[in-house]
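Below: one structure, written as structure tokens.
The values are calculated or read from the model by the stated rules, or taken from the named source; none is laboratory data. None of the values given here were measured: they were computed from a predicted structure. A quick note on method: Cβ atoms are made from the backbone with ideal geometry, for glycine too, and the neighbour counts reach across all protein chains shown.
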């Protein structure tokens, strides 16, 4: 890519002068009036945040706030208001041990990554798990079964599920729609006197809105209290003369609170062109049906390349997020008049701290860009219609809603590079284009032995790791659902999961042990299920996917004496591994 971008430098006097006259700032606008004195704190310790609402995460917006627990587990967790336990979810991933409490005012509070529950709730959970003979449950409870009072202890904080360190994940949801709402709008107090930090601004060439691309990125520097300018290390750049009339703008930024070092998400971004708003969004609420649109809201290529999240101040046509409040021309800045355009970006956190970026944009025809060469493509997909493409031994079926933008679909076929690959390697577009919903791909194998047909999986490379999808046979094709573009092929999974005993050996006396502990792992398709039996009776083993830990806490189901353990673990390809051992309790 060739650049010919003129940078017109001006001194500090110009920054304070006619180029950037003072401009009014907007007030924070939220939706309906949320009750600010109804809920109490879920913890007895100060609310110090390690994560904010709608913070940018891989493939989703953060659904609540993460409250620090001083890197320890078992901090008492309290109901924030009267209500009843409406849902209990126990999972090895995601929220881990999670509790949902419905309140009379129409909201539901959610407490996740819990380590333990209060006695009555724990008793109900264990009875349900033994009734269903499964540790993982997702149960909806009727009103009146498990009522709670405001400030009643309901659980203890933990590090379960996909949590990377001990903390409490806390949410407020609309009980009818399940839409998550920013808890800080309900009066929960955090110590925050720090303005958002602005890192860099992005300029996108929107000449072809179907193939727009990042033209340039500039670092930013704080030129005063929350007043940012473009800086190149030699001074401030006030005016950018560009060679396109259609410009998209993005910004990378984060927020911090006064009591924590964590780089959190910001609350709102508002962008002005000559004093008129052309883009604004506010992180007031986000629905689970739209959360994956984060991959359209941000620069997906930057994120996939490991450069963090840059928020675009323009909106793809297939992006159905409801966070956008004002949008002119989809957020694209029209510079065709050749005049200087004052661009202002205002970034706020949830308590109103403000940081501002000002710079000028001007179209100069002589500053033409050499556009990237257009790559060959196999088909042109429209974002608002179904799209189907068929090639030799390959099919793709994409329903409406998969794409955020029209797509010049690229496709290529390469021969396998390993005798463990039983198909061609199909290059399905590229890893830099996000998909919003699942689509179907179907691959036809080469030289797959009939004896391995039931062990075949659709595989792809994610980063440096081989991953697989659960496939089903449709005639001669192996079909799978995916939400990622990339290189796909057929391989087989014939290796059963591994079971590693941690604190048990055959014949061991475990009278002084509180639990049985083993680890499990799988090389490709992943753990599908597990069952633990003692003396041929099912017992409750918990499972932690991130560590592979399987643990049975000794209880009334295993009295003193000699016993026999049998543990069966299967993967998605139905390979089964069994571990057996006698022990004394």
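Take residue 92 and decide whether it is crowded, with 17+ Cβ neighbours inside 10 Å and not in a loop (DSSP other than H, G, I, E, B). No; evaluated as a whole, the condition is false for this residue.
For the range 451-467, the candidate set comprises residues that are at pLDDT below 95 and on the phi < 0 side of the Ramachandran plot; within that set, the residue that is nearest to the chain's Cα centre (by Cα) is 462. Among the residues of the range 479-499, the ones that are touching a residue at least 40 places away in the same chain (Cβ under 8 Å) and in a strand (DSSP E or B) come to 12 in all.
Summed over the range 245-268, the residues that are surrounded by fewer than 21 Cβ atoms within 10 Å (Cβ to Cβ) and touching a strand residue (DSSP E or B) at 6+ places or on another chain (Cβ under 7 Å) give a count of 7. Restricting 486, 526, 507 to those that are under 23 Å from residue 466 (Cβ atoms) and not assigned by TED's automatic domain parsing to the domain that holds residue 434 reduces the list to 526.
To keep it simple, each residue is scored yes or no on (1) in contact with a strand residue (DSSP E or B) (Cβ under 9 Å, 6 or more places away or on another chain); (2) free of Cβ contacts under 8 Å to residues at least 60 places away in the same chain; (3) in the same structural domain as residue 509 (by TED's automatic domain parsing); (4) surrounded by fewer than 14 Cβ atoms within 10 Å (Cβ to Cβ).
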{"residue": "537", "(1), (2), (3), (4)": "no, yes, yes, yes"}
{"residue": "540", "(1), (2), (3), (4)": "yes, no, yes, no"}
{"residue": "543", "(1), (2), (3), (4)": "yes, no, yes, no"}
{"residue": "551", "(1), (2), (3), (4)": "yes, yes, yes, no"}
{"residue": "564", "(1), (2), (3), (4)": "yes, yes, yes, yes"}
{"residue": "570", "(1), (2), (3), (4)": "yes, no, yes, no"}
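Among the residues of the range 479-522, count how many are within 20 Å of residue 402 (Cβ to Cβ) and touching a helix residue (DSSP H, G or I) at 6+ places or on another chain (Cβ under 9 Å).
1
Residues that are farther than 21 Å from residue 345 by Cα and touching a residue at least 40 places away in the same chain (Cβ under 8 Å) within the range 306-329 comprise 317, 318, 319, listed in sequence order.
Counting the residues of the range 128-170 that are closer than 18 Å to residue 103 by Cβ and in contact with a helix residue (DSSP H, G or I) (Cβ under 7 Å, 6 or more places away or on another chain) gives 3.
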